[in-house]
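The values are calculated or read from the model by the stated rules, or taken from the named source; none is laboratory data. What you see is a predicted model, and the numbers here were worked out from it, not measured in a lab. Cβ atoms come from the backbone with ideal geometry, glycine included; neighbour counts cover every protein chain shown. Ligands, DNA and RNA are stripped out before the accessible areas are found, and what is left, the full protein with its side chains, is counted by its heavy atoms. Shrake-Rupley method; radii C 1.70, N 1.55, O 1.52, S 1.80 Å.
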Amino acid sequence: MKFKITKAGCREKLRPWVRALTNPHLLISVGIAWFITNGWAYCAIGIGGYLGIGWLWKAGTVWAGLLWLPGTPEKLLTLPLAIFILRRLFPSDTRTLAMIDRKRRALRIKTKQQYQAFREKLHKKRSL
């Protein structure tokens with residue numbers, strides 16, 4: 001299977017994502033969610049180091065160190081939290097919420113199709 005990638009095709013696929021991700025409501029929600037999950041640690045490192053509060057500096061350093069480990073599923077918490085905050089702070093932003101729901105449904109369908117194809121391929125190998 002060969003795929004031809006064109007500049008116009010990439011633009012058309014990226015356009016809805018860029019439009020949604022540059023939405024001020026979503027940016028505010030992601031910023032708040034990021035601060036809840038990550039940002040406090042960097043502030044704790046800075047404040048703890050500047051004011052000489054050892055436990056605050058250590059807590060921030062430990063959490064930031066965990067975030068930098070490979071495979072840390074931090075985005076699995078941040079993005080759903082951002083969507084939750086978006087729904088609570090900006091319930092009238094139906095365009096962004098509808099786009100997120102459409103993308104989520106499309107991703108679920110695509111994942112199911114890939115899983116089915118994988119299972120079929122696996123069963124073919126077993127029957128050989």
Unit charges at the beta carbon, dipole of the chain: most positive-side option, ILE47, LEU79, ILE28: LEU79
Identified option (computed semi-axes √(5λ) of the Cα gyration tensor in Å; candidates [x] 34, 19, 10; [y] 37, 14, 9; [z] 37, 24, 15): [z]
Residue-normalised accessible area of the chain, expressed per residue, 1.4 Å probe, Å²: 81 Å²
Relative contact order %, the chain, counting alpha carbon pairs below 8 Å whose residues are six or more apart: 25 percent
LYS125 - accessible surface, heavy atoms, 1.4 Å probe, Å² rounded to 10: 140 Å²
Residues LEU107 and LEU66, FRET efficiency given R0 of 22 Å [Cβ-Cβ distance, rounded to 0.05]: 0.20
Area accessible to solvent at TRP63, 1.4 Å probe radius, in Å²: 100 Å²
Total charge dipole magnitude, the chain, about the Cα centre, Cβ charges on Lys, Arg, Asp, Glu only, Debye to nearest 20: 1220 debye
Exposure rank, largest accessible area first [ARG11, ARG104, ARG126; 1.4 Å]: ARG126, ARG11, ARG104
Anchor LYS110: lysines whose Cα lies under 26 Å away (excluding residues fewer than 8 positions away in-chain): LYS2, LYS4, LYS7, LYS13, LYS75, LYS121, LYS124, LYS125
Solvent-accessible ranking of TYR115, TYR50, largest area first, probe 1.4 Å: TYR50, TYR115
Computed accessible area, LEU81, all protein chains, 1.4 angstrom probe, square angstrom: 50 Å²
Estimated FRET transfer efficiency when R0 is 41 angstrom, pair ARG88-GLN116 (beta carbons, to 0.05): 0.70
Additional length obtainable on full extension of the chain from LEU79 to ARG126, 0.36 nm per residue less Cα span: 13.1 nm
